[in-house]
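A.B. asks: Quick one: the structure is below, questions incoming.
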Amino acid sequence: MTALARPTNGRMIGGVCAALARRFGTSATTMRVIFLLSCLLPGPQFLLYMALWILLPSEDKTRTAW
């Protein structure tokens, strides 16, 4: 597994689904479909997405930090 950071390439809105897909070894499309299907269930999915968008560092910022 890789570090959890929003990639600079391959993201659509915030890169959260792409980061989670990269972390868990699945495709970004699969993670996006899972997220969209989870939005049909009651819960704070959009709030969680927004929180991860704010909290996860961008990949270009993590490269310069090391």
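A.B. asks: Just checking, how many residues over the stretch 26-59 are under 13 Å from Ile13 (Cβ atoms) and charged (D, E, K, R)?
C.D. replies: Selection size over the stretch 26-59: 1.
A.B. asks: Taking the stretch 30-44, which residues are at negative phi and open to solvent by less than 90 Å² (accessible area, probe 1.4 Å)?
C.D. replies: To start, the set of residues in the stretch 30-44 that are at negative phi comprises 30-42, 44.
Matches in the stretch 30-44: Thr30, Met31, Arg32, Val33, Phe35, Ser38, Cys39, Pro44.
A.B. asks: Consider the stretch 1-24. How many of its residues are out of contact with any Leu (no Cβ under 7 Å at 6 or more places or on another chain) and open to solvent by less than 70 Å² (accessible area, probe 1.4 Å)? Walk me through it before giving the result.
C.D. replies: Applying the first criterion (out of contact with any Leu (no Cβ under 7 Å at 6 or more places or on another chain)) to the stretch 1-24 yields 1-3, 7-15, 17-18, 20-22, 24.
Applying the additional criterion that residues be open to solvent by less than 70 Å² (accessible area, probe 1.4 Å) yields 2, 7-8, 10, 14-15, 17-18, 20-21.
Summing the residues that are out of contact with any Leu (no Cβ under 7 Å at 6 or more places or on another chain) and open to solvent by less than 70 Å² (accessible area, probe 1.4 Å) in the stretch 1-24 gives 10.
A.B. asks: Contact list please: Cβ distance under 9 Å, first residue in the stretch 19-39 and farther than 16 Å from Ala3 by Cβ, second residue open to solvent by 60 Å² or more (accessible area, probe 1.4 Å) and among the hydrophobic types (A, V, I, L, M, F, W, C), pairs at least six apart or on different chains.
C.D. replies: Thr26/Ile34; Ala28/Met12; Met31/Phe24; Arg32/Met12; Cys39/Phe46
The values are calculated or read from the model by the stated rules, or taken from the named source; none is laboratory data. Quick caveat: nothing in here was measured; it's all calculated off a predicted structure. Every residue, glycine among them, receives a Cβ derived from its backbone with ideal geometry; neighbour counts consider all protein chains shown. Areas reflect the complete protein model, heavy atoms only, side chains present, ligands, DNA and RNA absent. Shrake-Rupley method; radii C 1.70, N 1.55, O 1.52, S 1.80 Å.
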